[in-house]
1. Looking only at the stretch 519-535, count how many residues are over 24 Å from ALA570 (Cα atoms), touching a residue at least 60 places away in the same chain (Cβ under 8 Å) and over 25 Å from the mean Cα position of the chain (by Cα).
2. Give just the number: which of (1) part of a loop (DSSP other than H, G, I, E, B); (2) buried (at least 17 other Cβ atoms within 10 Å of the Cβ) does THR207 not satisfy?
3. Condition test on LEU509, is it surrounded by fewer than 19 Cβ atoms within 10 Å (Cβ to Cβ) and not acidic (Asp, Glu)?
4. May I ask you to list the residues in the stretch 444-459 that are in contact (Cβ under 8 Å) with a residue 12 or more places away in the chain and not in a helix (DSSP H, G or I)?
5. Would you confirm, using the coordinates I've provided, whether ALA466 is within 30 Å of ARG277 (Cβ to Cβ), at pLDDT 95 or above and not in a helix (DSSP H, G or I)?
6. ASP149 fails exactly one of the following numbered conditions: (1) farther than 14 Å from VAL258 by Cα; (2) surrounded by 16 or more Cβ atoms within 10 Å (Cβ to Cβ); (3) modelled with pLDDT of 95 or more. What is the number of that condition?
7. Take VAL649 and tell me if it is farther than 20 Å from VAL28 by Cα and either assigned to a loop (DSSP other than H, G, I, E, B) or not hydroxyl-bearing (Ser, Thr, Tyr) (or both).
8. Any residue at all in the stretch 72-91 that is of a type in the set (Val, Ile, Thr) and within 26 Å of the chain's Cα centre (by Cα)?
Amino acid sequence: MVYRIGVDIGGTFTDFALFDEAGARLSVHKQLTTPDDPSRAVLEGIASLVGRSGIKFDAVEAVSHGTTLVTNALIERKGARAGMLVTAGFRDVLDMGLERRYDVFDLRLAFPDPLIARRLRREVKERLRHDGTIIEPLDLNGVRIAVADLIEHERIEALAICFLHAFTNPAHEDLARRLVAAEFPDLFVSTSADIFPNAREFERWTTTSMNAYVQPMADRYLARLEDGLSSSGFRGRLYIMTSSGGTLEAGAARHYPVRMLESGPAAGALMSAHHGRALGLAQLLSFDMGGTTAKGALVRGGAPLKSYELEVGRVHEFKRGSGLPARIPVIDMIEIGAGGGSIAEIDARRLIRVGPRSAGARPGPACYAQGGTAATLTDANLVLGYLGAGSFLGGAMALDQPAAEHAITESIATPLGLDLVRAASGIHAIVSEDVARAFRIHASERGFDYRQCTMVAFGGSGPLHALGIAKKLRIPRVVFPMGAGVMSAFGLLVSPLGFETARTKRIALSALTPESMADTFAPLMAQTRGFLERANVPPEHIAIRLKLDMRYVGQGYEIEVPLPPSTDWAALLAALPALFRTEYAKTFPLGVLDEPLEILGWKAEALGPEPSLGESLKIDGAGRGTGGALKARRPAFFAETGDYVDCPVYDRYGLKPGETITGPALVEERESTAVIGPGDRVTVDPALNLIAELGEAR
């Protein structure tokens, strides 16, 4: 028999899913992350899951891994000390940024500091024209002196090489990279023409800086993981989830660690789309809340929206433009610092603020009884009755309710003159509103009307808040999939091997020929296909998708135009005007013009076969009940009633298809709890998903 394992590391918990292909059965596991060395939790959890399932490690064919390690390192500024080589005269590009105010009238604007400080950048003599022709040759001795100085005096571990117009001709960056590799072999090197071969220096250089900043950490982490798996008897392949929804072999992930941004969250969005297709729901809001962060992604037409733009660590009220821009293929999502471990504090205005600081896995919320004293969202949810002190993680981890009450009383209730319940409900409500506000901004930026869509809620904390957030957004329906608490780990099991690249080459459509179109796409197709062939994907099983960024001549905004699967370049060229008008009308319905067109960006994506979870997937323990699912009752606070309500508690594993629950109610499974509000109704579908219809919508 063949087994596959999905592992998703979060800031607080690490989630595991083991899939038995022969029996179409899933086994799941969840345990605290080990922040000092995240690979330890991965190895311990895999060993526990494999041992509990009674299989041998050498029967595991593949481990697919997603992690927020790179994202957290960038947000928390815990990467390597990195230096930078730039074209002479352009040392300040990272400080100048886009020279654009993202809110003209806000006098409190904040921008993040560059990852590579000015003192760590060195100028090198070289110069290319915009078309890639050489004006001034590269000063190799200047490169040698600059790098030696950065190593000796600044103790850098990694280097970003970013030259002007390198995306049109990478020759100078390649020369510098080869010299550094020969003379300074211990230095990690990233070149902008390799990481992001596109126009716009600021975004290209920032993305390259990110790659250099996290590369030493990612390399060490993957080495520990590979060594640990190998010593345990694992003989299969290790795959790493990327931000675009595909997976890479560990070697490719080492080279492009910036593509691991949103690695775990991308898997969750992918699984949301999978559930949407199975349920016939084309428009979805994917909502994932774990212990540290909350993530929202939009699904349209059965697939998550994708982008080549990502902002990391927005520092000013979630506003677009207040984060570090990365230009990589990514599932388009918004992420905020709101999760079960988010710490509640009193700000300078004497108001409650929750997050973005998190108690993490160590010491964790006060109720974890691991030395944490700060009041967190999990403490509030325990006090409000949404979590059971004896049923957390299926009873494997007891929660200390007196510790939670003490933490909230001391840090929030007493200083503000509130009673315990009001302070706890305030913490819960503030997080729900923060998430709803972030989702409103994200959806409005994408032109997405969530009022007619369905929310798919998952993560350890997502089902606790989903219906409250859905009411704020006027979303009529929420789906809680089976195994919601570890759903990102499921997403890793359905993610295909894939690699996507893009480059800038500006050309008027009228000047394009079938031959030049084929010549431009050929190296991109070869590069993306090569990554999959090196992972032993047979050539006949590799699908290539091509896209163009097009616009009217003179515009500053491009529209992505997917091309039909064909190598008839003459036919594709003839179809481009109509294809562009179709895509343009989706964004600007009244703005289609009869004007000349030009192409700015060329994109290619290679995808392997999509792994299957089978038609009749079973999760260990699900649907086992024969004598009813009602297992207990406990008081839970609901804002609609303004007080605690004696609330039925259902064992999710005992629910059977067709059963209906009317709120208020709590539905517990091992990794999460769904809170059902008064008047809301939940139906169990044939796949054991909980389909919640909001009372107001009905």
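The values are calculated or read from the model by the stated rules, or taken from the named source; none is laboratory data. The model shown is predicted, which means the values in this text are computed figures rather than measured ones. Every residue, glycine as well, gets a Cβ built from its backbone with ideal geometry; the counts of neighbours run over all protein chains shown.
1. 1
2. All conditions pass for THR207, except number (1).
3. Here the answer is yes, as LEU509 does meet what is asked.
4. Within the stretch 444-459, GLY447, PHE448, CYS453, THR454, MET455, VAL456, ALA457, PHE458, GLY459 qualify.
5. no
6. ASP149 satisfies every listed condition except (2).
7. Criteria met by VAL649.
8. Yes, some residue in the stretch 72-91 is of a type in the set (Val, Ile, Thr) and within 26 Å of the chain's Cα centre (by Cα).
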